[in-house]
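One structure is given here, and the rest of the page talks about it.
The values are calculated or read from the model by the stated rules, or taken from the named source; none is laboratory data. From a predicted model like this one, the values you see are computed outputs, not experimental measurements. Glycine also receives a Cβ, built like all others from the backbone with ideal geometry; neighbour counts cover every protein chain displayed.
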Amino acid sequence: MRTRYLLFCFVLIAAACAATVYFWPRLPVQVPVHWNAGGAVDGYGPRAVLWLLGPGMMAMVAWLGATMPAISPRRFDIAGFEPTYYYVSGVVVGLLAYVYALVLAASLRVPVPMGQAIPAGMFVLLILAGNPMGKVRRNFFMGIRTPWTLASERVWYATHRLAAQLMVASGMLGLFVLWLGAPIWVLLALMLAWAPLAVAYSLLLYKRLPHHIGE
């Protein structure tokens, strides 16, 4: 699975590099690098920064995804959920590739509705990454890592099963309200609200364990 993950990342990074080289002569000296909540450009930078925002960021995240399992403490490695780990890591790199494609298009003066395109990508990420979240076992790099989930295997599994449902539901509802033209605060609430709910659930579940026995 690790080999497939690395190959997937390599293809995306190579495609980003090729696109940057191909469009380089058409890029302006200053390119948009930041947008406000309404989707309007509010920051520019030299076009060379695209190498960092696109291939550079993707390569760094891909490298972290490949190397973090090697430094994981014993009993907290990814052996029990390796396919899920590399799948979710690949989804994150895929989102970075999607965002870079939007930035590159905007740099070429293609009308890009960033106020809708970025939230749409985030909601798709929630759906794709949330769907297998219940398969994630205790580790220090992925999942809902609270003191209570790390202390109890029972709390970890129950919390991640709930988190999977919340993430997928948030992503699907988010895409729907985005299509309806919901304001940005509604979109942000749907992107983020599932996390404190999962954290609170992990605490509540841990407190209900007899004598706070974690395992």
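What to note about this one:
- If you go through region 11-64 and pick out every residue that is of a type in the set (Ser, Thr, Tyr) and either surrounded by 13 or more Cβ atoms within 10 Å (Cβ to Cβ) or part of a strand (DSSP E or B) (or both), you end up with 2.
- For first residues located in region 103-119 and of a type in the set (S, T, N, Q), partners that are not in a helix (DSSP H, G or I) and lie 6+ apart or on another chain with Cβ distances below 6 Å form the pairs Ser107/Leu27; Ser107/Val31.
- The numbered conditions (1) within 30 Å of Gly39 (Cα to Cα); (2) modelled with pLDDT under 95; (3) not hydrophobic (A, V, I, L, M, F, W, C) are all true for Gly214 except (1).
A quick yes/no check of all residues on (1) closer than 30 Å to Tyr206 by Cα; (2) at pLDDT below 95; (3) touching a Gly at 6+ places or on another chain (Cβ under 9 Å):
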position	(1), (2), (3)
Ala70	yes, yes, no
Asp77	yes, yes, no
Phe81	yes, yes, no
Leu104	no, no, yes
Val124	no, no, yes
Glu153	yes, yes, yes
Arg161	yes, no, yes
Ser170	yes, no, yes
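- Pairs, first outside the structural domain of Tyr157 (by TED's automatic domain parsing) and in a helix (DSSP H, G or I) in region 65-82, second among the basic types (Lys, Arg) and surrounded by 14 or more Cβ atoms within 10 Å (Cβ to Cβ), C-beta under 8 Å, six or more apart: Ala66/Arg2; Gly80/Arg137; Phe81/Lys135; Phe81/Arg137; Glu82/Arg2
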